[in-house]
Amino acid sequence: MQGETYFIRTGKNISDKVCAGCNRREVVAIMYIETKNLTKRIKGVEVLQNVNLRFESGKIYGLKGKNGSGKTMLMRALCGLITATEGTIDINGEILGKDISFPRRVGVLIENPAFIPSYTGLKNLQVLASIQKRVDDRKIQDTIISVGLDPQDKRTYKKYSLGMKQRLGIAAAVMEDPDIVILDEPINALDEDGAIQVRDILRKIRERGAITIVACHDTEELEALSDEIITICDGKIIEDIAKKNDKLK
């Protein structure tokens with residue numbers, strides 16, 4: 001167990017983070033997201049129907065379903081990009097759309113990443129980081145390296161391949177160590193090396209206690225990556241299964 005990190009719940013929203021074998025103990029926040037009867041209608045069509053879910057710290061949740069099943073709509077709702085027609089989204093006691101407009105610390109990659117075409121990858125992330133001022137240049141460069149890109153690459157974003165664009169999108173979502181990470185098809189356009197790097201990133205996100213929500217069309221990959229699989233069909237939750245995760249160990 002040496003070096004393994006785990007969590008001990010000590011209060012409503014607080015836990016002790018323990019590094020076994022290294023005598024380190026750190027108090028961290030217990031995060032949760034809870035949806036209650038979450039419904040979204042667009043032009044009279046219910047794209048989400050009475051969704052009741054709870055997401056908690058230190059877990060990876062996989063969203064499973066066909067195209068148009070409601071996975072992306074649920075992700076958009078959870079990060080405040082669309083508002084619920086009915087129901088609520090509670091994030092650590094704050095109601096999304098009422099108490100807060102967006103989750104306080106969230107990293108998101110939904111559908112295709114988009115950046116300033118004439119900037120390099122590094123400069124694009126520096127621009128994003130300048131908004132919150134939570135990370136320094138070293139952290140930005142380390143994150144770029146972690147997704148398999150070169151922070152010193154002088155090519156501009158418009159010259160990036162699809163895989164490189166996807167890697168930069170993942171870097172943008174995770175570089176500030178958000179409490180909530182939402183990734184839509186993170187291994188899309190990636191080769192096997194890229195997929196391995198994504199697994200490593202997800203493992204580290206889970207170890208530091210964030211909530212991670214991932215959608216992936218590759219059922220085998222999704223089941224291997226996730227601690228819990230949530231199946232969506234026509235905007236309804238039809239199955240929610242907690243499972244043992246072996247691939248990230």
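Assess whether Gly44 counts as being modelled with pLDDT of 95 or more and farther than 16 Å from Glu94 by Cα. Judged against the criteria, Gly44 is not a match. Within region 162-199, restricting attention to residues that are among the hydrophobic types (A, V, I, L, M, F, W, C) and in a loop (DSSP other than H, G, I, E, B), which residue is nearest to Thr72 (Cα to Cα)? The selected residue is Ile187. Give region 150-176 a look and list any residue that's without any contact (Cβ under 8 Å) to a residue 40 or more places away in the chain and surrounded by fewer than 23 Cβ atoms within 10 Å (Cβ to Cβ), or say none. Of everything in region 150-176, those that are without any contact (Cβ under 8 Å) to a residue 40 or more places away in the chain and surrounded by fewer than 23 Cβ atoms within 10 Å (Cβ to Cβ) turn out to be Asp150, Pro151, Gln152, Asp153, Lys154, Arg155, Thr156, Lys159, Tyr160, Ser161, Leu162, Gly163. Please verify whether Ile91 is closer than 23 Å to Gly235 by Cα, touching a Ser or Thr at 6+ places or on another chain (Cβ under 7 Å) and modelled with pLDDT of 95 or more, treating the condition exactly as stated. For Ile91, the condition - closer than 23 Å to Gly235 by Cα, touching a Ser or Thr at 6+ places or on another chain (Cβ under 7 Å) and modelled with pLDDT of 95 or more - is not met. Look at (1) touching a residue at least 40 places away in the same chain (Cβ under 8 Å); (2) closer than 24 Å to Asp137 by Cα; (3) not polar (S, T, N, Q) and you find that Glu228 fails only one, number (2). Among residues of region 57-104 being of a type in the set (D, E, K, R) and surrounded by fewer than 17 Cβ atoms within 10 Å (Cβ to Cβ), the one that is nearest to Asp218 (Cα to Cα) is Lys66. The set of residues in region 137-154 that are part of a helix (DSSP H, G or I) and among the charged types (D, E, K, R) comprises Asp137, Arg138, Lys139, Asp142. One residue stands out among those in region 123-136 that are part of a loop (DSSP other than H, G, I, E, B) and either among the aromatic types (Phe, Trp, Tyr) or in contact (Cβ under 8 Å) with a residue 24 or more places away in the chain (or both): the one that is surrounded by the most Cβ atoms within 10 Å (Cβ to Cβ), which is Val135.
The values are calculated or read from the model by the stated rules, or taken from the named source; none is laboratory data. In this text the structure is predicted, and so the values were computed from the model without any measurement. We place every Cβ from the backbone using ideal geometry, glycine too, and count neighbours over all the protein chains shown.
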